Amino acid sequence: MNYFELFNIPVSLHVDTASLTKKYFELQKKYHPDFYTQSGEAEQEEALEKSSAINKALKVLQHKESTIKYVLQLKGLLEEEEKYQLPPDFLMEVMDLNENLSADSTTALDTFESSIYSEVKPIIENYDDAAITTASLLKVKEYYFKKKYLQRILDRMDD
């Protein structure tokens with residue numbers, strides 16, 4: 001059972017966090033191990049596993065980037081620790097940004113981040129699991145790796 005099935009929500013790249021949180025509390029009320037202390041060992045174990053899966057699912061589905069990663073993995077388009085070859089023009093642009101980093105580079109980085117997101121925004125925000133094409137998902141995959149690469153620069157700026 002995948003995380004979307006567990007929460008009984010449609011597969012999406014843009015999960016509604018309010019309904020996700022509501023569903024999380026419903027599931028925890030139903031499966032929290034504390035409610036199974038008087039049950040048999042098998043039921044306690046199942047409740048513990050289900051509660052753990054619910055917590056992991058929430059952690060993934062609360063964040064856009066981890067949700068994108070999870071959906072790409074579900075679709076068989078992303079492997080754990082995959083080394084992705086980013087386009088050379090993107091790498092050159094990031095290298096230029098990186099060389100000119102300063103305290104006021106945040107605006108330039110935000111603008112750059114917005115520009116890479118704009119390419120996939122319609123796919124992410126209007127995701128339809130039944131109609132999505134592999135080509136569209138591959139665009140999202142490239143965005144995912146670009147964003148990850150850019151995030152390393154942003155993290156370094158915070159240090």
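Across region 1-22, what is the number of residues that are closer than 30 Å to Leu138 by Cβ and either of a type in the set (Lys, Arg) or not in a helix (DSSP H, G or I) (or both)? Number of matching residues: 11.
Evaluate the following for Leu109: is it outside the structural domain of Ser12 (by TED's automatic domain parsing), over 15 Å from the mean Cα position of the chain (by Cα) and buried (at least 16 other Cβ atoms within 10 Å of the Cβ)?
On the way: outside the structural domain of Ser12 (by TED's automatic domain parsing): yes; over 15 Å from the mean Cα position of the chain (by Cα): yes; buried (at least 16 other Cβ atoms within 10 Å of the Cβ): yes.
Here the answer is yes, as Leu109 does meet what is asked.
Here's the yes/no breakdown for (1) in contact with a helix residue (DSSP H, G or I) (Cβ under 8 Å, 6 or more places away or on another chain); (2) outside the structural domain of Ser136 (by TED's automatic domain parsing):
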residue	(1), (2)
Ser12	yes, yes
Leu20	yes, yes
Glu26	no, yes
Phe35	yes, yes
Gln38	no, yes
Ser52	no, yes
Glu80	yes, yes
Asn98	yes, no
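If you check Asp155, Asp128, Asp110 for being free of Cβ contacts under 8 Å to residues at least 12 places away in the same chain, part of a loop (DSSP other than H, G, I, E, B) and not polar (S, T, N, Q), only one passes: Asp128. Within region 75-107, the residues that satisfy the criterion of being aliphatic (A, V, I, L, M), more than 17 Å from Lys139 (Cβ to Cβ) and either part of a loop (DSSP other than H, G, I, E, B) or in contact with a Phe, Trp or Tyr (Cβ under 9 Å, 6 or more places away or on another chain) (or both) are Leu91, Val94, Leu97, Leu101.
Residues of region 54-65 include none that is surrounded by 14 or more Cβ atoms within 10 Å (Cβ to Cβ), over 12 Å from Tyr3 (Cα atoms) and more than 13 Å from the chain's Cα centre (by Cα).
The values are calculated or read from the model by the stated rules, or taken from the named source; none is laboratory data. This one's a predicted model, so the numbers in the text were calculated from it and none came from an experiment. Counting neighbours? That spans all protein chains shown, and the Cβs are built from the backbone with ideal geometry, glycine included.
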